[in-house]
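First the structure, in the form of structure tokens, and then the observations on it.
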Protein chains: 2
Amino acid sequence: MLPNPIKNFVDAFARLPSIGPRQATRLAFYISNLGKAKIRELAEAIADLANLVTCSRCFRAYTPASGQDPSAGSGQAHSAGSGQVGKGGLCSICSDSTRDKSLIAVIEKETDLLSLEKTRKFNGWYLVLGELSKLGELGPEQKLRLSSLKDFIKKELSGSAEEIIIATNPTAYGDLSAVTLKKELEGNAGKITRLGRGIPTGGEIEFADEDTLGSALDRRL
Amino acid sequence: MLPNPIKNFVDAFARLPSIGPRQATRLAFYISNLGKAKIRELAEAIADLANLVTCSRCFRAYTPASGQDPSAGSGQAHSAGSGQVGKGGLCSICSDSTRDKSLIAVIEKETDLLSLEKTRKFNGWYLVLGELSKLGELGPEQKLRLSSLKDFIKKELSGSAEEIIIATNPTAYGDLSAVTLKKELEGNAGKITRLGRGIPTGGEIEFADEDTLGSALDRRL
């Protein structure tokens, strides 16, 4: 019943997180009605994501600045033929000498990095792990990134960072991951901390659950 | 802060229905981590939507079958250079001679057509209007499609269809659109109807709102 291009689109996009077959079908028909020029624009916006490279230190995606020397980082910018997004040099955060290299936030997603940067209260750098399994287990890529962090700490920070903030979500799953990560990183930092919990700004005490309110009491200042 | 390819993706995709800037940002990073091959696959799935043509009678998108004679329809298959999805001949429903040409369902979206087809209870054809404004006003493209329908009724059905079903959603907005459409189509069919309202299969009387329950009483059989 579905025309082939619609079917292929639904197959490909329904696999993306938070897009199901229904939304994918609606999108497919919507996009098909936008006209050739808009369709091309959307296709190119996706294709361009392949131009991002991964920072060799923090593993976040970035576009190498045209004026930037790729050999500045420990890695080398190259487009990998293996179908992987290329490994790059250092991103703007990791190559910023005013950033405190001894303060590291371990995060799951690049969007978490953006949120933390918006606070303008963090002057360290990030290790982007990628989303952790719901059971708090580490995948092979995540283990690789953690050993890359430990190597950095050994070589550049004489074996111990000042502080590692395990910035996983304050959820049951995030707590589980935090336990795993803490075990994995023990001995690599003076302090291993997590983000504070409490009532969010704008929230009301009356409606806070007892766990949140307990945390708010513990962390009062 | 956002790398350019991510920013461009978010700009383009956040404009699509039911995708906001947050989901677009999460998708951008997720897709960028899929690797070059998967990224190309997604880009091609979008680009291929431009290969769909619009049925010259019902205006739904379809892929012209390779063996089909495009001159069979009143239109001519051609890829328009104007940036528009090409106008085609007749789709599989409109060229199906066992379908009742005198029974027409006016629908908003192609996904509504799919749902109605799944019932296997409708043997007429559809006029796909495109989503109507929340105020029930008709856009220029929608006026064009309605006059195309009226032309068809005049030429092929000697001025009057047997029945036109106005299959807009049973919501306040859908009701408003139905009023507009009914006014627009008056005199072109023996009957102008809407889909029945009542308690959905699996629903419970206890939880049905009084409007739904009232409709269920009216339409009992």
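Coordinate-derived values only; no laboratory data. Source: prediction; values computed, not measured. So basically every Cβ, Gly included, is an ideal-geometry build from the backbone, and we count neighbours across all protein chains shown.
Here are a few things to note about the model shown:
- Build a GNM of chain A with springs between Cα atoms under 10 Å apart, and of A:161, A:12, A:189 the one that fluctuates most is A:12.
- Distances in nm from residue A:118 to the matching label points in the other copies, shortest first (labels 7 Å along Cα to Cβ): 3.6
- Considering only B:116, B:52, B:16, the mean-square fluctuation computed in a Gaussian network model of chain B, springs between alpha carbons under 10 angstrom, is largest for B:16.
- Chain A shape via C-alpha gyration tensor axes, a/c threshold 1.5: oblate
- Within the protein assembly as shown, DSSP assigns beta bridges of which about 10% are antiparallel (rounded to the nearest 5).
- Student exercise, the range B:98-221 dipole from Lys, Arg, Asp, Glu Cβ charges, in Debye to nearest 20: 560
- For residue A:150, a cut-off of 22 angstrom between C-alpha atoms picks up these lysines, skipping any fewer than 8 places away in its own chain: A:87, A:101, A:109, A:182, A:183, A:191.
- GNM on chain A, alpha-carbon springs under 10 angstrom: the most fluctuating residue among A:89, A:174, A:203 is A:203.
- Residue (of B:215, B:161, B:178) at the positive-pole extreme of the range B:98-221, dipole from beta-carbon charges: B:161
- Taken residue by residue and averaged, Cβ atoms of other chains lying within 10 Å of the Cβ of B:7-18 number 4.
- Tensor-based shape of the range A:4-49 (alpha-carbon gyration tensor, a/c under 1.5 rounded, otherwise prolate or oblate): oblate
- For residue A:202, inter-copy separations between label points set 7 Å beyond Cα along the Cβ vector come to 3.5 nm, shortest first.
- Simple label model, 7 Å out from Cα along Cβ direction - residue A:148 to residue B:111, nm: 3.8
- Where labels lie 7 Å past Cα in the beta-carbon direction, separation of residue B:157 and residue B:219 in nm: 2.0
- Axis-nearest residue in chain A [Cβ, rotation onto B], distance in whole Å: A:43, 2
- Test item: Cα-centred dipole of the protein assembly as shown, Lys/Arg +1 and Asp/Glu -1 on Cβ, debye: 880
- Anisotropy class of the protein assembly as shown from Cα gyration tensor, a/c 1.5 cut: prolate
- Shortest-first nm distances, residue A:98 label point to equivalent points in other copies (7 Å, Cα→Cβ): 7.4
- For the range B:98-221: span of alpha carbons on each principal axis (Å, largest first): 49, 35, 25
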